[in-house]
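Worksheet: the structure to be examined is printed underneath.
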Amino acid sequence: MIISIDGGGTKTHLGLFDRQGHLLYQAISSGCNHQSLGVEIYQKVIVELIDQMLQKMKIALTAITYAHLGLSGADLPIDLERLTNATKPILKDIPFTIENDAWLILRSGLHEPYGAVCICGTGTNAAAINREGKQAILRSLGFTLGIYGGGLDIAREALHYAFRAEELTYKKTALMDAIPPLLGVSSMADVIPLFYPQPKLDRQKMGEITALTFKLAHQGDEVCQEIIKKIAMFLGYQTAGVIKQVGEQKNNIPVVIGGRVFEEGGQLLIDHMLKYLKEEVPQAYLVRPIYPPMIGGYLRALDHLNIIQSEQLEWNLKEMRIKR
């Protein structure tokens with residue numbers, strides 16, 4: 001039996017499978033990102049999920065033959081080393097692999113381990129793999145270290161231009177009038193204490209600003225449209241970058257797009273992301289995930305075990321397909 005774990009900042013999804021694609025058990029718990037929550041929380045979440053699985057399935061840990069963990073925060077070699085050392089005492093002698101959760105989303109949209117992925121959720125990332133197995137992934141460590149374009153960045157851009165509109169240093173935008181009531185205040189001046197000297201808004205509220213930006217863009221607000229196109233530019237060029245790193249820029253390559261911002265943001269972001277991507281990779285084309293990321297983790301486990309994703313296996317996974 002094979003364990004797949006999709007470990008994010010807000011939730012952790014575990015699945016237990018046989019090698020034919022039958023889902024035997026699944027459970028969801030809280031987030032386990034070691035960077036934001038600590039290694040101890042990571043271990044606690046994983047241990048509890050596995051213990052519950054063993055109890056409910058009435059099996060011993062030795063019944064597990066392989067485990068694959070796709071984890072947010074697995075960005076650099078030092079992260080992978082830290083997570084591997086934290087996981088060994090939990091899985092004991094069970095062979096396992098750990099990688100960034102971007103690979104789960106990539107694999108959740110492809111019928112074979114070949115292609116690229118662009119993620120736009122709270123943050124962003126991109127990765128690619130060629131037919132020889134060469135891989136490339138962005139560091140995903142923020143603007144200063146070379147990456148940009150998640151939902152939080154859209155919210156920050158919206159706030160930036162709302163303040164600029166109020167101070168008459170850029171174009172007028174409906175953001176200036178719409179953001180204060182969204183945050184429960186009456187003016188942009190009243191927004192300042194929510195960010196200075198220390199930010200007080202949580203990610204959920206910032207996500208509402210992101211959603212507002214898309215809404216106003218769809219209504220024709222010029223500044224909001226500029227923000228979305230700017231974000232799309234970063235997403236397109238970053239995805240092209242990982243494709244070029246694995247030498248596939250001249251080929252017909254699928255690019256999986258995943259993450260809440262892609263799911264809820266509408267066509268403006270997607271169309272412009274593809275436009276910038278095609279400037280560098282003319283034959284790239286976009287695809288949507290077929291399965292949830294946890295299933296992508298199971299397929300990644302099969303890749304590591306050299307088990308082909310057969311039609312029968314896909315048939316056995318059919319109930320787990322994303323319904324649109």
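Residue ranges 86-99, 306-319 sort as 86-99, 306-319 when ordered by packing (mean number of other C-beta atoms within 10 Å per residue, highest first). Among Val261, Val45, the order by Cβ neighbours within 10 angstrom, fewest to most, reads Val45, Val261.
Based on Cα atoms of the range 189-288, Rg over Rh with Rh as the Kirkwood radius reads 1.08.
Working value for the range 110-288: equivalent-ellipsoid semi-axes of 34, 16, 13 Å, each the square root of 5 times a Cα gyration tensor eigenvalue, largest first. For the range 55-213, the pair-distance distribution built from all alpha carbon pairs, in bins 10 Å wide starting at 0, is 9, 26, 25, 20, 14, 6, 1 percent. Counted by Cβ distance under 14 Å from Gln43, the other residues give a net charge of +1, where Lys and Arg count +1 and Asp and Glu count -1. Projecting the Cα atoms of Tyr291, Leu24, His34 onto the charge dipole of the chain, computed from C-beta unit charges around the Cα centre, puts Leu24 farthest toward the positive end. Ordered by the count of other Cβ atoms within 10 Å of each Cβ, fewest first, Cys32, Cys118 give Cys32, Cys118. For the chain, the equivalent ellipsoid derived from the alpha-carbon gyration tensor has semi-axes of 37, 24, 17 Å in decreasing order. Normalising the average separation of contacting C-alpha pairs (under 8 angstrom, six or more residues apart) by the number of residues puts the relative contact order of the range 110-288 at 28 percent. Ordered from longest to shortest, the equivalent ellipsoid semi-axes for the range 102-141 are 18, 12, 5 Å, each the square root of 5 times a Cα gyration tensor eigenvalue.
A dipole drawn for the chain from +1 and -1 charges on Cβ atoms has a positive end, and of Pro180, Asn306, Trp103 the residue lying farthest that way is Asn306.
Electrostatic tally near Leu302: other residues with Cβ closer than 13 Å to its Cβ, Lys and Arg +1, Asp and Glu -1, net -1.
Between beta-carbons, use under 13 Å as the cut-off and find the net charge around Asp221, counting Lys and Arg +1, Asp and Glu -1.
Details: positive: Lys171, Lys172, Lys215, Lys229; negative: Glu157, Asp177, Glu222, Glu226.
Local charge sum for Asp221: 0.
Remark: the range 59-76, residue by residue, has Karplus-estimated 3J(HN,Hα) of 10, 9, 4, 5, 6, 7, 9, 7, 9, 10, 10, x, 10, 5, x, 8, 9, 10 Hz, where x stands for each Gly or Pro and the curve is 6.51 cos²θ - 1.76 cosθ + 1.60 at θ = phi - 60°. Sorting the segments 220-231, 152-163 by their residues' average number of neighbouring beta-carbon atoms within 10 angstrom, most packed first, yields 152-163, 220-231. Give the distance, in whole Å, between the Cα centre of the range 71-110 and the Cα centre of the range 223-284. Cα centroid of the range 71-110 versus Cα centroid of the range 223-284: 26 Å apart. Once C-alpha pairs closer than 8 Å and six or more residues apart are averaged by separation and normalised to the residue number of the chain, the relative contact order reads 21 percent.
Think of each Lys and Arg Cβ as +1 and each Asp and Glu Cβ as -1; about the Cα centre, that makes the dipole of the chain roughly 320 debye. Panel order for Arg164, Arg131, by other beta carbons found within 10 Å of each beta carbon, from fewest to most: Arg131, Arg164.
Charging the Cβ of each Asp and Glu at -1 and of each Lys and Arg at +1, and nothing else, the dipole of the range 110-288 about its Cα centre rounds to 400 debye.
No lab work stands behind these numbers, since they all come straight from the coordinates. From a predicted model like this one, the values you see are computed outputs, not experimental measurements. For neighbour counting, all protein chains shown are included, and Cβ atoms are generated from backbone atoms with ideal geometry for every residue, glycine included.
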